[in-house]
Amino acid sequence: MVATDAVGQVALFTTGGPGPVPDSAMPSVENSEEFVLSLPEVSDADRVTARAGVNAFVEFAKRGFFAYDWSDVHRDSRQALRGYELQCRPLNPLTLFDLPAPLRALAEATRLSDVTFGAPIIVIGDQVS
């Protein structure tokens, strides 16, 4: 899913299934990764985790998106973060207004107004507006 934060930055959130997805983001779930990867590279990327399979997250960040993943699927319940974990950050993040209209509409539908992307953990819940 794609979303925008309090300052208009954009992020891509991925989940293997168990991570929470707001109703407002459901239209962006199916094709968001393909939409983002169709954009040109505009940024260098800063890898935040050393987890295997992080290459896709680097590609999202190179296109100006913060990349978050529901990584609790790899943890037992005692170690669960219960939030989306930052995987990679763009050095030059895009904003909502940098996006083509179809992708902008998808991101704008899920505004996390109490969040600024770049935080290590994002909990999806009441902050969706």
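Quick notes on this one:
- Residues that are surrounded by fewer than 22 Cβ atoms within 10 Å (Cβ to Cβ) and not in a loop (DSSP other than H, G, I, E, B) were ranked within region 46-57; the one that is modelled with the highest pLDDT is Asp46.
- Failed item in (1) surrounded by 15 or more Cβ atoms within 10 Å (Cβ to Cβ); (2) at pLDDT below 95; (3) of a type outside the set (Gly, Ala, Ser); (4) part of a helix (DSSP H, G or I), with Phe60 passing the rest: (2)
- Conditions (1) modelled with pLDDT under 95; (2) not in a loop (DSSP other than H, G, I, E, B); number of the one not met by Ser77: (2)
- The listed residue being at pLDDT below 90 and not small (Gly, Ala, Ser), out of Asp98, Asp114, Asp69: Asp69
- Test: Ser129 is under 16 Å from Val2 (Cα atoms) and modelled with pLDDT under 85: yes
- Selection of region 80-95 for residues being of a type in the set (S, T, N, Q) and modelled with pLDDT of 95 or more yields Asn92, Thr95.
- Cβ-Cβ under 7 Å pairs, at least 6 apart or on other chains, region 99-115 side assigned to a loop (DSSP other than H, G, I, E, B), far side of a type in the set (Asp, Glu): Val115/Asp5
- Search result, residues across region 22-45 that are at pLDDT below 80 and either within 15 Å of Ala61 (Cβ to Cβ) or surrounded by 14 or more Cβ atoms within 10 Å (Cβ to Cβ) (or both): Pro22, Ser24, Ala25, Pro27, Ser28, Val29, Asn31
- Of all residues making up region 95-110, the number that are surrounded by 15 or more Cβ atoms within 10 Å (Cβ to Cβ) and more than 12 Å from the chain's Cα centre (by Cα): 9
- Reported count of residues in region 85-127, each being of a type in the set (Asp, Glu) and in contact with a helix residue (DSSP H, G or I) (Cβ under 9 Å, 6 or more places away or on another chain), is 3.
- Given (1) more than 13 Å from the chain's Cα centre (by Cα); (2) modelled with pLDDT of 70 or more; (3) of a type in the set (Val, Ile, Thr), index of the condition Thr14 fails: (1)
The values are calculated or read from the model by the stated rules, or taken from the named source; none is laboratory data. Keep in mind that what you see is a predicted model, and the values were worked out from it rather than measured. Positions of Cβ are backbone-derived with ideal geometry, glycine not excepted, and every protein chain shown enters the neighbour counts.
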